[in-house]
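**Student:** Supplied in structure tokens, the structure appears directly below.
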Amino acid sequence: QVQLVESGGGLVQAGGSLRLSCAASGSIVRINTMGWYRQAPGKQRELVAAITTSGSTNYADSVKDRFTISRDNAKNTVALQMNSLKPEDTAVYYCKYRYGPYDYWGQGNQVTVSS
């Protein structure tokens, strides 16, 4: 089992910045992918950004050039720096840890961007 604890999020005005952090603990394996997903009311959960242990990243087109994902493999943490936030970025953001066919999810943090 893997446990994920998220922090960060909150309320910010459009154009502002927020940082999300996620710490993984438990049965951590050396090769894994960590990432952030979000779900807005009435919409499906979608990928925001992901990063492998080797540092390869993948971003949703809607957040490229605004969000940056990073990780610390020694501490099993992943962070999402969100800049130039827009009202459409409002959602619950979830941290995900994946290895092989197994997915683990954090509890979710609300991010609200006011116009």
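**Student:** Under 8 Å for C-alpha pairs, at least 6 residues apart: give me the relative contact order for the chain, rounded to a whole percent.
**Tutor:** Reported as a whole number, the value is 36 percent.
**Student:** Quick one: compute the contact order of the range 49-105, relative version, from alpha carbon pairs under 8 angstrom and 6+ residues apart, as a percent.
**Tutor:** Details: 51 pairs, mean separation 11.9, N = 57.
So the answer I get is 21 percent.
**Student:** Okay, moving on. Tell me, which longest segment in the chain has none of the trypsin sites (Lys or Arg not before Pro) that fall in DSSP loops with at most 14 further Cβ atoms within 10 Å? Mind showing how you got there, number by number?
**Tutor:** Details: sites that count: Arg30, Lys43, Lys64, Lys75.
Counting only loop sites that pass the neighbour cut-off, the longest clear stretch is 76-115.
**Student:** Follow-up question, since we're still on this one. From largest to smallest, what semi-axes in whole angstrom does the range 64-105 give when each is the square root of 5 times an eigenvalue of its alpha carbon gyration tensor?
**Tutor:** The equivalent ellipsoid of the range 64-105 has semi-axes of 23, 14, 8 Å.
**Student:** Using Cα springs under 10 Å in a Gaussian network model of the chain, which residue among Tyr102, Tyr59, Tyr94 shows the largest mean-square fluctuation?
**Tutor:** Of Tyr102, Tyr59, Tyr94, the most mobile in the Gaussian network model is Tyr102.
**Student:** Semi-axes of the equivalent ellipsoid for the range 9-69, please: Cα gyration tensor eigenvalues, times 5, square-rooted, ordered largest first, whole Å.
**Tutor:** On the way: eigenvalues 106, 39, 35 Å².
Whole-Å semi-axes of the equivalent ellipsoid: 23, 14, 13.
**Student:** A follow-up question, please. Per residue, how many Å² of accessible area does the range 48-115 show with a 1.4 Å probe?
**Tutor:** Values: 3360 Å² over 68 residues.
That works out to 49 Å² per residue.
**Student:** Looking at the chain as a GNM with Cα springs under 10 Å, which of Gly35, Gly55, Gly26 has the largest mean-square fluctuation?
**Tutor:** Of Gly35, Gly55, Gly26, the most mobile in the Gaussian network model is Gly26.
**Student:** Now for a different question. Given H placed on each backbone N at 1.01 Å, which residues far from Val48 in sequence or on other chains put an amide H within less than 5 Å of it?
**Tutor:** Trp36, Tyr37, Arg38
**Student:** Now for a different question. Placing +1 on the Cβ of each Lys and Arg and -1 on the Cβ of each Asp and Glu in the range 45-115, which of Tyr59, Ile69, Gly100 has its Cα farthest towards the positive end of the resulting dipole?
**Tutor:** Going by the Cα projections, it comes out as Gly100.
**Student:** Share of Cα-Cα pairs in the range 39-82 beyond 14 Å, in percent? Kindly include the intermediate steps, with their values, before the conclusion.
**Tutor:** Values: 499 of 946 pairs.
Summing the P(r) tail past 14 Å for the range 39-82 gives 53 percent.
**Student:** Another question, then. Suppose every K and R has +1 on its Cβ and every D and E has -1 on its Cβ; what is the size of the dipole of the chain about the Cα centre, in Debye to the nearest 20? Write down the numbers at each step before the final one.
**Tutor:** Details: 12 positive and 8 negative charges, 30 e Å.
Using Cβ point charges on Lys, Arg, Asp and Glu, the chain gives about 140 debye.
**Student:** Right, something else. If one computes the Cα centroid of the range 99-115 and of the range 29-53, what distance in Å separates the two points?
**Tutor:** Distance between centres, Cα-based: 7 Å.
**Student:** Sticking with this structure for a sec: Setting aside same-chain residues fewer than 8 positions from Lys86, which lysines have a Cα under 30 Å from its Cα?
**Tutor:** Counting by Cα, and skipping residues close in sequence, Lys86 has these lysines nearby: Lys43, Lys64, Lys96.
**Student:** Here is a further query. So for the chain, considering every pair of alpha-carbon atoms, how many percent are separated by more than 23 Å?
**Tutor:** 22
**Student:** Here's a follow-up. Only bridges with both residues in the range 31-113 count here: give the DSSP antiparallel percent, nearest 5. Each step should come with its number before you reach the end.
**Tutor:** Details: 29 of 29 bridges.
Among the beta bridges of the range 31-113, antiparallel pairing accounts for roughly 100 percent.
The values are calculated or read from the model by the stated rules, or taken from the named source; none is laboratory data. Note that the structure is predicted; figures quoted are calculated from it, not measured. In this analysis, Cβ positions are derived from the backbone assuming ideal geometry, glycine residues included, and neighbour counts consider all displayed protein chains. Note: areas computed on protein heavy atoms with side chains; ligands, DNA, RNA excluded. Shrake-Rupley method; radii C 1.70, N 1.55, O 1.52, S 1.80 Å.
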